[in-house]
Amino acid sequence: MVLTVGLSVVMVLILFWALSSVQRERTRAAVGWGRRVLEAQEEERRSIARELHDGFVPSIDSLSIELRRMGGTASSERATALAQQLRTLSRGLHPGVLDHLPIADALEQLCSSESTDGFVVTLDVDELPPLDFPHRLACYRITQEAINNARRHAGASRIEVLVDEINGTIDLTIRDNGRGFVVPPDSKLASLGLRSMRERASALGGTLTITSALQDGTTVHARLPTSSPG
Amino acid sequence: MSPSLAGRRVLIADDHRLFAEGLRALLRDHDCEAEIVTELALIETTIAATEPDLLILDLSFGTESALPLLHQLRDTQPALPILVVSASEERVVVERVQETGAAYLAKSRAGADVALLAGAMLDGSYRAPAATRPRAPTRASRQIGGVKLSRALIQVLKLARLGLSNPDIAEQIGRTVKTVEAHMGEIYNRLGLKSRGQVIRWANEHARELGAPLDGS
């Protein structure tokens, strides 16, 4: 009798262990898959943006110069306008500032371009160490997504972006004064935007937490170690 | 026709040959000869070899940025006027270019304005535009008692001085306890102190410089 009960307990424990390890494996696979999709999407956007920005657009600019030299000022202006439209499209796909500037400058550009009369985005950033491209991109995209959410869904009028580096970790906080929401548990994060913010942080071995309460604003807090996991 | 361009030598550094050729043709209309270099790595040697009166420089060379080179040229070629003609028109990029003393022209305006601007740079009549818009975001770190402290560290320090615990400080400034702990660790490091008591004593000694606890800076 005792033996049968003992055996059953062991069997149940083994079954439980097997099931939970399958679950863990699935979660790990899903995270890895999400990360790869995100990276592939970023890479594709970057390459299309570059094709436009460094290929088509300067060709149209040179056509515009040629037209101007031939006396076709109006046609030249039309070609220039077309080039500008393509540049805007390219910037939407990939933020070119990240290619030229340190992250503090790129965030300054982002925050000031997002600020409008009824929507103030302030940035508080101190000197940061030089970051590699994946870290710059993650900081930029997480901030951009949080600002978008605050504008579109939270009805916020004020956003603060705070960036620090302490002991080799980038500490990024985006806080809004919007209407807030009830944050679902991790596994039920339906919004692609919220999920992708978290994916970006975890791809760099970091964490991202979202704290919010109804009528009390939302805070997105990312911690990104600057030495990536091996 | 810009008289100050006639007979002058210009070097155009742009990895898009068609665009560079366009600029060259435009300058030629003003009797100005231009060389073209399309590789970032060859710009400095080409400057040395051709000794141009003016450099027209693009900022994007494939995946590489020419901004570091621009900084370098300020030291190695202080007398060479540089006109950056770039498709990166973001305000911060323009400011960073102008901070080096170079002039900036958006690629979209190159056809209309390059001869005028290059001419003005060559005859010395070019004046850098004054900054027109104040910077929207704030960036603040201050020297207090000879130690450089960021705005966030100062905020934590001021609240610690009032006797608040880390969780209370976290609550007050809307950040996590973990962040406040990290900030306190950084404060210990920078001040070279070992205990909270010592930190609070230091903060009391520098209370005037730190400012009021809730003034946000």
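The values are calculated or read from the model by the stated rules, or taken from the named source; none is laboratory data. Fair warning: this is a prediction, and the values are worked out from it, not measured in the lab. Using ideal geometry, Cβ is built from the backbone for each residue, glycine included, and neighbour counts are taken over all protein chains shown. In case anyone asks, the SASA skips ligands and DNA or RNA and just uses the protein heavy atoms, side chains included. Shrake-Rupley method; radii C 1.70, N 1.55, O 1.52, S 1.80 Å.
Output the residue which, of all residues in the stretch B:1-18 that are assigned to a strand (DSSP E or B) and free of Cβ contacts under 8 Å to residues at least 60 places away in the same chain, is surrounded by the fewest Cβ atoms within 10 Å (Cβ to Cβ). Looking at residues that are assigned to a strand (DSSP E or B) and free of Cβ contacts under 8 Å to residues at least 60 places away in the same chain, I get B:9. Checked against the criterion of being more than 16 Å from the chain's Cα centre (by Cα), surrounded by 15 or more Cβ atoms within 10 Å (Cβ to Cβ), assigned to a helix (DSSP H, G or I) and away from chain A (no Cβ under 12 Å), the candidates B:36, B:43, B:56 yield just one match: B:43. Every condition in (1) assigned to a loop (DSSP other than H, G, I, E, B); (2) within 12 Å of chain B (Cβ to nearest Cβ); (3) under 17 Å from the mean Cα position of the chain (by Cα) is met by residue A:205 except one, and the failing one is (2).
Scanning the stretch B:109-132 for residues that are small (Gly, Ala, Ser) and open to solvent by less than 60 Å² (accessible area, probe 1.4 Å), we see that the one that is nearest to the other protein chains (Cβ to nearest Cβ) is B:111. Could you run through the stretch A:99-155 and say how many residues are over 22 Å from residue A:165 (Cβ atoms) and either in contact with a Phe, Trp or Tyr (Cβ under 7 Å, 6 or more places away or on another chain) or among the hydroxyl-bearing types (Ser, Thr, Tyr) (or both)? Residues flagged as over 22 Å from residue A:165 (Cβ atoms) and either in contact with a Phe, Trp or Tyr (Cβ under 7 Å, 6 or more places away or on another chain) or among the hydroxyl-bearing types (Ser, Thr, Tyr) (or both) within the stretch A:99-155 amount to 4. Take residue B:76 and decide whether it is in contact with a strand residue (DSSP E or B) (Cβ under 8 Å, 6 or more places away or on another chain) and not aromatic (Phe, Trp, Tyr). Considered against the rule, which asks whether it is in contact with a strand residue (DSSP E or B) (Cβ under 8 Å, 6 or more places away or on another chain) and not aromatic (Phe, Trp, Tyr), residue B:76 comes out as no.
Every residue, every condition in (1) at pLDDT below 90; (2) crowded, with 18+ Cβ neighbours inside 10 Å; (3) within 14 Å of another protein chain (Cβ to nearest Cβ); (4) under 21 Å from residue A:127 (Cβ atoms), yes or no:
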| residue | (1), (2), (3), (4) |
| --- | --- |
| B:154 | yes, yes, yes, yes |
| B:163 | no, no, no, no |
| B:171 | yes, no, yes, no |
| B:178 | yes, no, yes, no |
| B:190 | yes, no, yes, yes |
| B:195 | no, no, no, no |
| B:199 | no, yes, no, no |
| B:204 | no, no, no, no |
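One residue stands out in the stretch A:147-163 among those that are in a strand (DSSP E or B) and open to solvent by less than 10 Å² (accessible area, probe 1.4 Å): the one that is farthest from the other protein chains (Cβ to nearest Cβ), namely A:159. Here the stretch B:137-152 is the region considered, the condition is being facing another protein chain (nearest Cβ under 10 Å) and in a loop (DSSP other than H, G, I, E, B), and the residue that is modelled with the highest pLDDT is B:140.
Being surrounded by 14 or more Cβ atoms within 10 Å (Cβ to Cβ) and either in contact with a helix residue (DSSP H, G or I) (Cβ under 8 Å, 6 or more places away or on another chain) or outside any helix (DSSP H, G or I) (or both) is true for just one of B:84, B:94. Which residue is that?
None of the others qualify; the one that does is B:84.
Against the list (1) at pLDDT 90 or above; (2) in contact with a helix residue (DSSP H, G or I) (Cβ under 8 Å, 6 or more places away or on another chain); (3) open to solvent by less than 40 Å² (accessible area, probe 1.4 Å), the condition residue B:106 fails is (2).
One residue stands out in the stretch A:111-132 among those that are within 16 Å of the chain's Cα centre (by Cα) and more than 9 Å from chain B (Cβ to nearest Cβ): the one that is most open to solvent (accessible area, probe 1.4 Å), namely A:132.
Can we say residue A:61 is touching a strand residue (DSSP E or B) at 6+ places or on another chain (Cβ under 6 Å) and surrounded by 16 or more Cβ atoms within 10 Å (Cβ to Cβ)? Considered against the rule, which asks whether it is touching a strand residue (DSSP E or B) at 6+ places or on another chain (Cβ under 6 Å) and surrounded by 16 or more Cβ atoms within 10 Å (Cβ to Cβ), residue A:61 comes out as no. Meeting the requirement of 1 or more residues that are more than 10 Å from chain B (Cβ to nearest Cβ) and free of Cβ contacts under 8 Å to residues at least 40 places away in the same chain, the helices (runs of 4 or more DSSP H) wholly within the stretch A:32-105 are A:73-93.
So that you can scan it fast, the table gives a plain yes or no per residue for (1) surrounded by 15 or more Cβ atoms within 10 Å (Cβ to Cβ); (2) away from chain A (no Cβ under 14 Å); (3) closer than 18 Å to residue A:65 by Cβ; (4) in contact (Cβ under 8 Å) with a residue 24 or more places away in the chain:
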site	(1), (2), (3), (4)
B:25	no, no, yes, no
B:48	no, yes, no, no
B:64	yes, no, no, yes
B:88	yes, no, no, yes
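Of the set (1) open to solvent by less than 20 Å² (accessible area, probe 1.4 Å); (2) closer than 27 Å to residue A:227 by Cβ; (3) free of Cβ contacts under 8 Å to residues at least 60 places away in the same chain, all apply to residue A:201 but (3).
Here is a check on your reading of the model: is residue B:21 open to solvent by 10 Å² or more (accessible area, probe 1.4 Å), within 9 Å of chain A (Cβ to nearest Cβ) and either in contact with an Asp or Glu (Cβ under 9 Å, 6 or more places away or on another chain) or over 22 Å from residue A:95 (Cβ atoms) (or both)?
It is true that residue B:21 is open to solvent by 10 Å² or more (accessible area, probe 1.4 Å), within 9 Å of chain A (Cβ to nearest Cβ) and either in contact with an Asp or Glu (Cβ under 9 Å, 6 or more places away or on another chain) or over 22 Å from residue A:95 (Cβ atoms) (or both).
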